[in-house]
1. So, in the stretch 179-202, of the ones that are within 18 Å of Ser120 (Cβ to Cβ) and either in a loop (DSSP other than H, G, I, E, B) or away from ligand 1 (no atom under 16 Å from the Cβ) (or both), which residue ends up modelled with the highest pLDDT?
2. Scanning for something without any contact (Cβ under 8 Å) to a residue 60 or more places away in the chain, in a loop (DSSP other than H, G, I, E, B), farther than 17 Å from Leu61 by Cβ and within 16 Å of ligand 4 (Cβ to nearest atom), does the stretch 207-215 turn up at least one residue?
3. Hey, can you tell me all the residues within the stretch 239-261 that are surrounded by fewer than 19 Cβ atoms within 10 Å (Cβ to Cβ) and within 16 Å of ligand 3 (Cβ to nearest atom)?
4. Can you tell me which residue is farthest from ligand 1 (Cβ to nearest atom) among those in the stretch 103-133 that are assigned to a helix (DSSP H, G or I) and closer than 20 Å to Gly57 by Cα?
5. Consider only pairs whose beta carbons are under 6 Å apart and that are at least six residues apart or on different chains; among these, list those whose first residue lies in the stretch 141-154 and is within 12 Å of ligand 3 (Cβ to nearest atom) and whose second residue is in a loop (DSSP other than H, G, I, E, B) and among the polar types (S, T, N, Q).
6. What pairs can you find where one residue is in the stretch 157-180 and without any contact (Cβ under 8 Å) to a residue 40 or more places away in the chain, the other is among the acidic types (Asp, Glu) and in a helix (DSSP H, G or I), and their Cβ atoms are less than 9 Å apart, with a gap of 6+ or different chains?
7. Output the residue which, of all residues in the stretch 29-76 that are hydroxyl-bearing (Ser, Thr, Tyr) and part of a loop (DSSP other than H, G, I, E, B), is surrounded by the fewest Cβ atoms within 10 Å (Cβ to Cβ).
8. If I ask for residues that are in contact (Cβ under 8 Å) with a residue 24 or more places away in the chain and within 16 Å of ligand 2 (Cβ to nearest atom), which ones from the stretch 77-96 would you list?
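The values are calculated or read from the model by the stated rules, or taken from the named source; none is laboratory data. The shown structure was predicted, so the numbers you read here are calculated from the model rather than taken from an experiment. So basically every Cβ, Gly included, is an ideal-geometry build from the backbone, and we count neighbours across all protein chains shown.
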Amino acid sequence: RAKQNGRNRYGFFTADLEARTARALQIENALRRALERNQFELHYQPQVSLTTRQVVGAEALLRWRHPELGLVSPAEFIPVAESSGMIVAIGEWVIHTAVRDTKRWLDLHLPLRAVSVNVSAVQFRHPQLPEMVTRCLEQAGLPARRLELELTEGAAVDDPAAALAMMDQLHDRGVRLSMDDFGTGYSSLSYLKRFQIYKLKIDQSFVRDLEEDANDRAIVSAIIRMAQALGMQTTAEGVETDGQLEFLRAQGCDEAQGFYFSRPLPADAFEAYLRQQQEQQSSSSSG
Ligand code: C2E
Ligand code: MG
Ligand code: MG
Ligand code: MG
């Protein structure tokens, strides 16, 4: 009987494993077609200044809508895109689309300073990245300072010297760089001071329990003070509550993004959000 249970459990385990492998293969095959079939879209999440309370930027977040697989999370398909190399072409589509949308919003005089785009470690090792970024900016007619690239600490782990050179090249082209998910990776502080990093994004895992967890409060305030001392900006990710927001503001964090302000929105809904912000700003400044 015990033996049978064991076999059943083993059976469940392999069935589960096979299902997961099958899904990964399904995703990889479908991903090859996703670009040409226009299955990607960008959603935009506002980034809000904690001093003025006004929207200052947006993070572009990739969404993949597949007819059978449904809406696939980036957490699921980005790793597949990275390991297959498809991330380079997909990443180009993301930058192209984000700068084109941003140019349109700026031409409409909507209140937006910059757009942030996530760049994976694989893309960051691609030697053509600076040229590709400049080409997208020129095609759209968007000044480089309006684009911010979000890197993760993983981008610099394998080959810090190459990462340093890539950051210098992008910086020289006028693009701003931020360190995403700061505090969760393996980067050393001795590299951080040499990197051309404009902004640290405080990972949402430190923000989530700010109200209950004194250790998280200590970590977050230390990150903010270190960034200030190094001349870097800070953005807190994953802000959902008043209490988190008040703590971050009191500590001198510059910006925040999270469901508290808005979920990531499809481009047209984000444009409507910007119009609404603009109306509120003009009515509060004239009233
Ligand atoms: P990330 O860059 O750290 O993005 C933040 C994630 O947190 C997003 O998940 C966003 O929807 C979510 N988020 C925002 N506010 C809140 C909040 O208040 N609470 C909670 N619980 N979550 C919040 P998403 O869109 O699923 O993206 C996950 C990750 O996928 C991103 O993490 C980024 O690493 C990656 N990713 C997304 N788009 C791209 C892309 O275009 N290129 C690359 N290379 N990676 C991307
Ligand atoms: Mg990000
Ligand atoms: Mg992040
Ligand atoms: Mg993340």
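1. In this case the residue turns out to be Ile197.
2. Residues of the stretch 207-215 without any contact (Cβ under 8 Å) to a residue 60 or more places away in the chain: 207-215.
This time we only want the ones that are in a loop (DSSP other than H, G, I, E, B), so: 208-213.
Next cut, farther than 17 Å from Leu61 by Cβ only: 208-213.
Cutting the leftovers down to within 16 Å of ligand 4 (Cβ to nearest atom) gives us 208.
Yes, the stretch 207-215 has at least one match.
3. Glu240, Phe259, Tyr260, Phe261
4. Asp107
5. Cβ pairs passing all conditions: Glu153/Ser187.
6. What qualifies is Met179/Glu153.
7. Thr52
8. Phe77, Ile78, Ala81, Glu82, Ile87, Ile90, Gly91, Val94, Ile95
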